[in-house]
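Take a look at the structure below.
Only the coordinates and a few stated rules stand behind these numbers; no lab work does. This one's a predicted model, so the numbers in the text were calculated from it and none came from an experiment. No Cβ is skipped: glycine too gets one built from the backbone with ideal geometry, and neighbour counts run over all protein chains shown.
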């Protein structure tokens, strides 16, 4: 199982790679353990079907210059960049 810190580290590594910024130039705006409402992990892709079960995971937001990057993950997976227009909030009142 991943920890919140390992998910943050992976998100920062990916953000630095994608943006060309140094890790010291990135800022973690928020990082929290959450419960996602389904298997899309809060990042549903058009035309895809997802398991309809609660999924424990993480949500991390990273500032890279003027841009905010949204990373979503399940507890056992690597954080994935979620385009801001697709990003959804975790299950209401069920944060872990």
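Structural remarks
- Simple label model, 7 Å out from Cα along Cβ direction - residue 75 to residue 6, nm: 1.3
- When 60, 8 are arranged by Cβ crowding within 10 Å, least crowded first, meaning fewest neighbours, the order is 8, 60.
- The long axis of helix 4-19 is offset from the longest Cα principal axis of the chain by roughly 60 degrees.
- Fraction of the pair-distance distribution of the chain above 17 Å, Cα-Cα pairs, percent: 47
- Calculated [θ] (222 nm, deg cm²/dmol) that DSSP helices of n ≥ 4 give over the chain, each run adding -39,500 (n - 2.57): -5500 deg cm²/dmol
- Cα→Cβ-extended label distance, 7 Å offset, between residue 29 and residue 17, nm: 2.3
- Globularity ratio of segment 42-90, using Cα Rg and 2.2 N^0.38 Å: 1.18
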